[in-house]
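Notes for the one structure printed next.
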Amino acid sequence: MSGSSERIALVDYGMGNLRSVARAFERVGRDVQLSPRAEDVRAADRVVLPGVGSARDTMSALAAHGLDDALRAHIAAGRPYLGICLGLQVLLDAADEGGVGPCLGVIPGRVERFPDSLGLAVPHMGWNLVKLERPHPVLAEDYYYFVHSYRATRVAPQHALARTDYGEQFASAIGRDSCVAVQYHPEKSQRVGLELLERFCAWRP
């Protein structure tokens, strides 16, 4: 496991389910620092970005605090990053919600709504199988809990780490280098979610 002295920053941008994620880390014996400050993100050993809602609103909130550039710098420095739900979507190039808006541009791809033509309820909500495209130290093939109306599209095969079927196959986990992100919610996924957080804390990319 990683050293308990490591600084794990949970990015507080005024939106999202921060408390439930913080409690999940506490359950696996890790303290996290909830911080809205870019300098804390830049100084952290590990960064976690959770969130629910709109990718565009999230990007606006991040940019208002300089957190967008701080996140890019953290990832570029090769330090571990875990994105949860919106924390996955903002890694991509752009989001199609209320008009196209830019995201962090760390991984090529788009954020698009599930099409009505699938004939399924939107949001996609509940337990679903996450199937790995290839082994990854943080991820495991299992059932996890989802709540989302938008999903990652146009993600290159080398960045799509896992896929899930909801009327179509979509990338439910993406990543590159020291960056990994999941569309599902580990903090809502009981034992398998806590095990994912443990693996993230132990990960040495």
Residue 143 long-range amide H proximity, modeled H, under 5 Å: 130
Gap separating the Cα centres of the stretch 28-68 and the stretch 90-130, nearest whole Å: 20
Mean Cβ count within 10 Å, highest first, over the residues of peptides 171-183, 9-21: 171-183, 9-21
Calculated from backbone phi, Karplus (6.51, -1.76, 1.60) coupling profile of the stretch 28-43 in Hz, x at Gly/Pro: 9, x, 10, 8, 10, 9, 7, 9, x, 9, 4, 5, 5, 5, 5, 8
Relative contact order %, the stretch 22-175, counting alpha carbon pairs below 8 Å whose residues are six or more apart: 17
Sites residue 93 and residue 113, calculated FRET efficiency, Cβ-Cβ separation with R0 22 Å, nearest 0.05: 0.85
Computed Kirkwood radius, in angstrom, where 1/r is averaged over Cα pairs of the stretch 36-80: 10.8
Kyte-Doolittle at least -0.5, axis length at least 15 Å by Cα - qualifying DSSP helices, the chain: 190-202
Whole-Å semi-axes of the chain's equivalent ellipsoid (Cα gyration tensor): 24, 20, 15
For residue 105, residues with placed amide H under 5 Å, excluding near neighbours: 92, 93
Inverse mean reciprocal Cα-Cα distance (Kirkwood Rh) of the stretch 1-63, Å: 12.2
Residues whose placed amide H lies under 5 Å from that of residue 184, excluding near-sequence neighbours: 85
Spin-label pair residue 131/residue 28, simplified geometry with 7 Å Cα→Cβ offset, distance in nm: 2.5
FRET efficiency estimate (nearest 0.05) - Cβ-Cβ, residue 19 to residue 168, R0 45 angstrom: 0.85
Within-12-Å neighbourhood charge of residue 61 [Cβ basis; K, R +1; D, E -1]: -2
Binned Cα-Cα distances of the stretch 101-205, short to long, each 10 Å bin given as a whole percent: 14, 48, 33, 4, 0
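Bear in mind these aren't lab numbers, they're just calculated from the coordinates by the rules spelled out. What you see is a predicted model; the values in this text were computed from it and never measured. Ideal geometry is used to build each Cβ from the backbone, glycine not excepted, and the neighbour counts take in all protein chains shown.
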